[in-house]
Amino acid sequence: MTIQAASDALVALNGVNKHFGQLHVLKDINLQVKKGEVVVVIGPSGSGKSTLCRAINRLETIETGEISIDGKKLPEEGKELATLRADVGMVFQSFNLFAHKTILENVTLGPIKVKKQDKATAEKDAMALLERVGVGQQAQKMPAQLSGGQQQRVAIARALAMKPKVMLFDEPTSALDPEMINEVLDVMVQLAKEGMTMIVVTHEMGFARKAADRVVFMADGQIVEDAKPEEFFTNPQSNRAKDFLSKLLTH
Amino acid sequence: MNTLLNNSDLFITGFRNTIILFIVAGIGSLILGTIVAALRVSPIPAMRAAATLYINVVRNTPLTLVLFFFALGYPKLGLVEIDFMTAAAVGLTLYTATYVAEAVRSGINTVPVGQAEAARAIGLPFAQTLTLVILPQAFRAVIPPMFSVFIALLKNTTVAAGFSVPEAGSIRANLSERGEPQMAGLLWVALIFVLLVFMLSYAQRKLEKKWKVVR
């Protein structure tokens with residue numbers, strides 16, 4: 001793994017460790033993501049990849065090590081942390097749209113309350129984003145009235161509305177029916193093409209091949225491989241990765 | 001019917017004070033109870049401990065004792081002097097707020113943790129995560145128990161009668177002084193309470209329909 005200068009990296013993790021009780025879920029993680037880079041994190045269940053993703057905006061706390069975003073170290077709880085989180089977009093496996101608010105309100109809440117935009121501007125921007133992810137028609141509906149794929153695209157729009165420096169995707173298609181996975185991946189591929197910095201935890205190897213600049217393979221809380229997608233998929237170095245890929249390819 | 005009509009002054013004063021106590025203590029306990037519930041889920045341990053202590057002490061004390069304190073104990077503390085009506089309103093608010101707080105807290109527990117994570121992820125601080133995302137959904141989930149608390153409050157206002165507040169619970173004593181049949185008077189009081197509670201139940205049904213959260 002090449003270690004880049006910290007100033008060069010938009011997201012930098014250095015010597016990060018975390019336990020869940022006895023389980024050492026993140027073992028001495030070092031990872032640098034440059035501006036505009038799309039990094040796909042793959043690995044078997046329980047390998048710590050979701051925890052890694054959630055630690056980057058401190059939805060999970062870490063025990064030792066350092067995480068910094070755009071050169072700024074992640075602050076402790078409080079106002080400063082909230083400010084930093086506004087720069088980090090997050091898309092969850094279970095969408096987590098605000099159930100009591102309309103689609104439009106879901107997207108405008110952050111810009112109005114956190115960025116103090118006026119309502120008209122926020123709504124105009126939100127509509128443009130909703131159009132872009134293909135759910136403009138649904139703006140006045142409640143989240144439960146939309147399909148899973150539509151909800152996840154709204155969740156992406158909600159994160160984009162904050163104009164984040166980096167987007168985190170925590171298994172964004174794992175809760176979706178197969179026919180809805182592509183509509184979400186299409187939006188993500190588009191986003192990658194536009195130069196968004198993205199860290200994507202996923203089981204979608206097709207997306208990794210198509211859109212990733214780097215593939216990070218995790219197993220048992222460690223980063224085992226960090227390579228370009230074609231290198232990783234055609235010539236994995238470790239036995240752990242070979243084993244993982246062979247299981248995938250049989251289906 | 002004569003008992004009611006001939007003593008309408010008593011009934012009107014009595015129920016007017018009951019309704020004033022109910023509205024003042026209702027709004028007061030809704031605000032205080034929500035704040036206490038928020039403290040109970042706050043990330044700061046000292047705040048959680050203070051809220052838990054308050055709930056456990058006041059909720060475990062009989063309402064009569066709480067009102068006794070304000071009628072008899074409080075004046076001896078030499079603080080701002082308050083009349084019996086205000087004292088009753090304060091006592092009822094402090095007492096009812098503990099029940100409101102527990103109802104709100106159970107509502108907070110029904111909101112999926114992902115809602116709070118999503119709110120924090122877009123940069124909302126704790127207070128706004130609570131007021132904009134969690135509490136609106138929590139309230140919608142606890143309308144039935146919340147209304148039970150308020151129906152209990154409405155009836156609890158009669159305890160204040162024992163402390164020289166001329167509200168609905170004191171109508172019987174006054175009727176007795178006027179030589180009116182007490183049983184008829186009591187039945188009228190009960191009937192009016194039933195009507196008031198019906199109005200609350202009606203409001204509850206309306207709110208439940210209007211505020212349904214679909215997941």
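Bear in mind these aren't lab numbers, they're just calculated from the coordinates by the rules spelled out. All figures in this text were calculated on a predicted structure; none of them were measured in a lab. With ideal geometry, Cβ positions are generated from the backbone for all residues, glycine too; neighbour counts draw on all protein chains shown.
Figures for the structure shown
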item	result
Range of Cα positions in chain A per principal axis (Å), largest first	53, 42, 34
Pairwise FRET efficiency - B:L65 versus B:I12, Cβ, R0 = 25 Å, nearest 0.05	0.25
Rough spin-label spacing in nm, given labels placed 7 Å along Cα→Cβ, for A:K35 and A:E66	2.1
Length gained when the stretch B:A127-B:R48 is fully extended (0.36 nm per residue, less Cα-Cα span)	27.0 nm
Rounded tilt (10° steps) of B:8-40 against the dominant C-alpha axis of chain B	20
5 angstrom amide H check on A:M90, placed H, neighbours 5+ away	A:L168
Computed over chain A: relative contact order in percent, which uses C-alpha pairs under 8 Å that are six or more apart	26
Calculated [θ] (222 nm, deg cm²/dmol) that DSSP helices of n ≥ 4 give over chain A, each run adding -39,500 (n - 2.57)	-11000 deg cm²/dmol
Magnitude of the charge dipole, chain A, Cβ model with Lys/Arg +1 and Asp/Glu -1, debye to 20	500
Backbone N under 11 Å from the A:S147 label point (7 Å along Cα→Cβ), restricted to region A:169-212	A:177-184
Given charges at beta-carbon only (K, R positive; D, E negative), |dipole| of region B:15-165 in Debye	180
Candidate lysines - alpha carbon under 28 Å from A:K79, same-chain residues fewer than 8 apart omitted	A:K18, A:K34, A:K35, A:K49, A:K101, A:K113, A:K115, A:K116, A:K119, A:K124, A:K163, A:K165
Cβ-based net charge around A:Q237, under 15 Å, with every Lys or Arg adding one and every Asp or Glu removing one	-1
On Cα atoms only, tilt of A:103-113 relative to the major axis of chain A in degrees	80
Ranked by how many other beta carbons lie within 10 Å on average, peptides A:210-216, A:176-182 from highest	A:210-216, A:176-182
Which of A:D226, B:D9, A:D243 has the fewest Cβ neighbours within 10 Å, and the rest in rising order	B:D9, A:D243, A:D226
Calculated FRET efficiency for the pair B:S201/A:D118, C-beta based, R₀ 45 Å, to 0.05	0.60
For region B:174-192 and region B:1-73, distance of Cα centres in Å	26
Among B:Y54, B:S148, B:L21 the positive-end extreme of the charge dipole of region B:15-165 (Cβ point charges)	B:S148
Total formal charge among the other residues, if their Cβ is under 15 angstrom from that of B:S8, Lys/Arg +1 and Asp/Glu -1	0
Isotropically averaged projected area of region B:15-165, using the convex hull of Cα atoms (one quarter of hull area), nm²	9.7
Model label zone, B:K155; criterion: amide N under 16 Å from point 7 Å along Cα-to-beta-carbon; scope region B:28-64	B:63-64
Using a Förster distance of 51 Å, the FRET efficiency for A:E194-A:Q22 (Cβ separation, nearest 0.05)	0.75
Contour excess over end-to-end distance, with Cα ends at A:K228 and A:D243 and 0.36 nm allotted per residue	3.6 nm
Sequence of B:Y99, B:Y202 once ranked by neighbouring C-beta atoms within 10 Å, starting from the fewest	B:Y202, B:Y99
Ellipticity estimate at 222 nm from DSSP helix runs (n ≥ 4, -39,500 (n - 2.57)) divided over chain B, nearest 500	-23000 deg cm²/dmol
Relative contact order of chain B, defined on C-alpha pairs under 8 angstrom at six or more residues apart (%)	28
